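Here is the structure we will look at.
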Amino acid sequence: MTEKLVIVGNGMAPGRMLEHLFEDAPGRYKVVIFNAEPRVNYDRIMLSPVLSGEKDFEQIIIHGDGWYIKHGITLYKGHKVVAIDCAARTVTSDHGVVESYDRLVIATGSVPFILPVPGANLPGVLTYRDLDDVDAMLLAAQSRAKAVVIGGGLLGLEAAAGLKERGMDVTVLHLMPTLMERQLDSAAGYLLQRAIERRGINVLTKANTKAVVGSGKVEGVELADGTVIPADLVVMAAGIKPSSGLAKEAGLAVNRGILVDAHLRTSDPDILALGECAEIGGHVYGLVAPLYEMARIAAAGLAGKTVAGFVHSDTPTKLKVTGIELYSLGDFADGDDREEIVLRDAAAGVYKRVILKDDRIIGTVLFGETSDGAWFNDLKKKAANVAEMRETLIFGQSHQGGASSDPLAAVAALADDVEICGCNGVCKGKIVSAITSKGLACLDDVRAHTKASASCGSCTGLVEKLMTLTLGGAYNPSAVQPICGCTTLGHDEVRRLIRAKGLKTIPALMQELEWKTSCGCAKCRPALNYYLVCEWPDEYADDYQSRFVNERVHANIQKDGTYSVVPRMWGGVTSAKELRTIADVVDKFNIPTVKVTGGQRIDMLGIKKDDLPAVWADLGQAGFVSGHAYAKGLRTVKTCVGSDWCRFGTQDSTGLGIRIEKFLWGSWSPAKVKMAVSGCPRNCAEATCKDVGVICVDSGFEIHFAGAAGLDIKGTEVLGLVKTEDEALEVITALVQMYREQGRYLERIYKWAKRVGVAEIRHQVLDDLDKRKAYFDRFVFSQKFAQVDPWSERVSGKDKHEFRPMATIGVAMAAE
């Protein structure tokens, strides 16, 4: 019999618990979730990259709406639970919704600690815990004004770095003498402060906040010594505490957090608690690795499985600020029964310290070079006796045995149960097994299938070494690097930095990203131009000189120097008026060849360059616009006659094709895009070899993508079936926008799909309704600026110098 499971909270811990539960006991529970936030589950570890601009919200969603629908979950968004009645076994939300339960899971997380000082409630004082906080900070950052972050711990420093990236003047106030004193010793704290200050962030330690000052809004922060730091924004990041009030009011046992046993059971056996709100054995946890371990154990209990209970273990701390390598683990306090081994490299900015007790590692602090963190963690977990390697221990795993060896040997020596990705709790054995069993050949594939390196990214180097070790010569992480000889950066890195740094011109990009040449080259400039057009459609002015000749002239150059012109015919449909206009143009300009294309268009070949504006003017009078046969963009949507005329047609394929083409035309993409819509499975429009294709069936529209019929021959992948034209248009648009945002310049859709993964694309544009809508909306916004006929513009005089014939200079003129 199906039981009812109610979950209070929709964070990372209950999300991971449900993933395990659906694997261990599919169909056992009807699940109801109350989420105080008005959204789906997302990766809170990635809030800092969202704040800095490296990612957007859609990129950090863990479970989109499609996932909840797939598993039959009722999700109450924006419903805060205000009461739990343990006797009646019900929960009640602030919207008045009451749900009964057989089993209840409380995952209310934590709440930020607000300093009890005057002015703490002034407008402009924010905390840093969820997406709403990030959105508020991003709004404040638009002023480019002054921000003060109170707290020099992990969250505070990540908030400071993000606000600095957004252009604010940032000061960090920290009560203790050194930053992150709970995770770092004083030496590493000094190095961290120096690294933060080099980023242009002011740091004041031993800074005791007395009050937040301002009249009606934040104007500054006053310290105990009387100093006032001007501020337009104050972020309180001075710590968190478990959100246990709801459980306490319900009569459950509570200390700092909700008291649970090793199997996450509260004082009421039908109620579990996990995540930051739970207290186990006197410990509360804020890092994701122990929360995911709680999730695994809780899911096993709900599924009726017997597993070992939760055991405390120290979790490494890493800072998610790009460019700062920091690793901290365990106990590093001084003591008479301890000894330490320290390595400093002042020139490289490296500091390493290992703390030993009875010849066993109890703590590690690494700054500037952290690649041996996993090895030190493994030695600590296993309480390994390190006496025999005492002299070389600090130099790392590769130096054991007396000499430096191949760095891959160190990775090879790691046991299969060594944790590689702390964010997602992924061990070496799982990664290697996935690579070999699933034929994974690139980092994105490994991330998609194992989640290793998919969160903060600090373990990427280790994951890549595992791939090199497992695949040998078949893995080449630098195969797509760099864009060209002008830079060491690859396409993906450049796109990320354009967003993160707000780069909006090619000169600014080349300066900030340290291009090796003064103006780039024919390989990088078109790519940069596209990436800027895509990222900033409303702000970036298309750089004419960064386009290839066909895109500058808006026609295809032929081998004799003349051009071909292909007017757009929506869905391959034309009329007598249009055909007469084409015939008149052919006669008027003595165009030698007229040809019907494979994409159901008419191509006029042999047109002189200086005749192009006049040709376009005549075509424009009949309503023609550019067919973009030269463009990195939508070229054609081929159709069959569909249900209008065909005896076998199931849907109006012609009408849908026209609708798709009129919606998508004009936008730039990484490479050309060709589409087709077939009215029935006989597939007369050849939709199954196109970049995007639609096969109409009785039950709706089967969407295909990632086909090829040129140098490469490849059938399409099936994206999925939708029921209506509106949904088909939204899915196709989202797919195109995802490709526009993630594709590398000149990378066709089928190559992009192979790199990213068909399953991931399907998840984002078909299953995840929130991401689909976000992609769709971004495309619609960009079309406000892209859907302009370039032929009409040039008929009106734009770029007229491009079409003027070169002057003929005689001998006498040359002599002068």
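The values are calculated or read from the model by the stated rules, or taken from the named source; none is laboratory data. Given the structure is predicted, the values throughout are model-derived calculations rather than measurements. Cβ atoms come from the backbone with ideal geometry, glycine included; neighbour counts cover every protein chain shown. With ligands, DNA and RNA removed, areas are computed over all heavy atoms of the protein, side chains included. Shrake-Rupley method; radii C 1.70, N 1.55, O 1.52, S 1.80 Å.
Summary of values
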quantity: P(r), alpha carbons of the range 90-226 - 5 Å bins starting at zero, rounded %; calculated: 2, 9, 16, 19, 17, 13, 7, 5, 5, 4, 2, 0
quantity: Positive-end extreme of charge dipole, the range 313-454 - chosen from G330, V342, S433 (charges on Cβ); calculated: S433
quantity: Shape metrics for the range 569-708, restricted to C-alpha atoms - Rg then Dmax, Å; calculated: 16.1, 51
quantity: Semi-axis lengths (Å, descending) of the ellipsoid that matches the C-alpha gyration tensor of the range 93-148; calculated: 33, 15, 11
quantity: The range 493-566 pair-distance distribution - Cα-Cα, 5 Å bins, rounded %; calculated: 3, 15, 24, 21, 14, 9, 7, 5, 1
quantity: Spherically averaged projected area in nm², based on the convex hull that wraps the Cα atoms of the range 166-241; calculated: 6.1 nm²
quantity: S186 accessible area, 1.4 Å probe, all protein chains in place, Å² to nearest 10; calculated: 80 Å²
quantity: Percent RCO, i.e. relative contact order, over the range 9-120, from Cα pairs under 8 Å lying at least 6 residues apart; calculated: 27 percent
quantity: Solvent-accessible ranking of L343, L21, largest area first, probe 1.4 Å; calculated: L343, L21
quantity: Cβ-derived FRET efficiency at R0 60 Å, L223 paired with L721, nearest 0.05; calculated: 0.45
quantity: Karplus 3J(HN,Hα) series, Hz, for the range 748-763 with 6.51 cos²θ - 1.76 cosθ + 1.60 (x for Gly, Pro); calculated: 5, 4, 5, 6, 4, 5, 5, 6, 7, x, 4, 5, 5, 5, 4, 4
quantity: The chain: relative contact order as a whole-number percent, Cα under 8 Å and 6+ apart; calculated: 8 percent
quantity: Within-10-Å neighbourhood charge of D225 [Cβ basis; K, R +1; D, E -1]; calculated: +1
quantity: Inter-probe distance in nm under a simple model that places probes 7 Å from Cα toward Cβ, at L579 and D542; calculated: 3.2 nm
quantity: Extension gain, N202 back to K800 (0.36 nm per residue minus Cα-Cα distance, nm); calculated: 210.1 nm
quantity: Largest-first ordering by accessible area, 1.4 Å probe, given options V111, V203; calculated: V111, V203
quantity: Burial order of peptide ranges 345-357, 637-649 (average beta-carbon count within 10 Å, highest first); calculated: 637-649, 345-357
quantity: Local net charge near S546, Cβ-Cβ under 10 Å (Lys/Arg +1, Asp/Glu -1); calculated: 0
quantity: If the convex hull is drawn through the Cα atoms of the range 518-607, its volume per residue in Å³; calculated: 154 Å³
quantity: Ratio of the Cα radius of gyration of the range 306-459 to 2.2 N^0.38 Å, where N counts its residues; calculated: 1.10
quantity: Gyration tensor verdict on the range 337-379 (Cα atoms; rounded if a/c is under 1.5, prolate if a/b is larger than b/c, oblate otherwise); calculated: oblate
quantity: Ratio Rg/Rh, restricted to the range 668-727 and using Cα atoms, in which Rh is the Kirkwood radius; calculated: 0.99
quantity: Whole-number percent relative contact order across the range 113-262, with pairs defined as alpha carbons under 8 Å at least 6 apart; calculated: 30 percent
quantity: Compactness of the range 45-140 as Cα Rg over 2.2 N^0.38 Å, two decimals; calculated: 1.39
quantity: Overall form of the range 204-355 per C-alpha gyration tensor (a/c, 1.5; a/b vs b/c); calculated: oblate
quantity: Accessible area in the full protein assembly, largest first, 1.4 Å probe, for D358, D331, D698, D185; calculated: D698, D358, D331, D185
quantity: Net charge, M168 excluded, C-beta distance under 13 Å - Lys, Arg +1, Asp, Glu -1; calculated: +2
quantity: With DNA, RNA and ligands ignored, accessible area of K577 (1.4 Å probe; Å², nearest 10); calculated: 120 Å²
quantity: With 10 Å bins from 0: P(r) over the chain, alpha-carbon pairs, percent; calculated: 2, 11, 18, 22, 20, 13, 8, 4, 1, 0, 0
quantity: Alpha-carbon spread of the range 126-192, three principal axes, descending order, Å; calculated: 36, 22, 17
quantity: Where Rh is the Kirkwood radius over Cα pairs, Rg/Rh for the range 1-90; calculated: 1.02
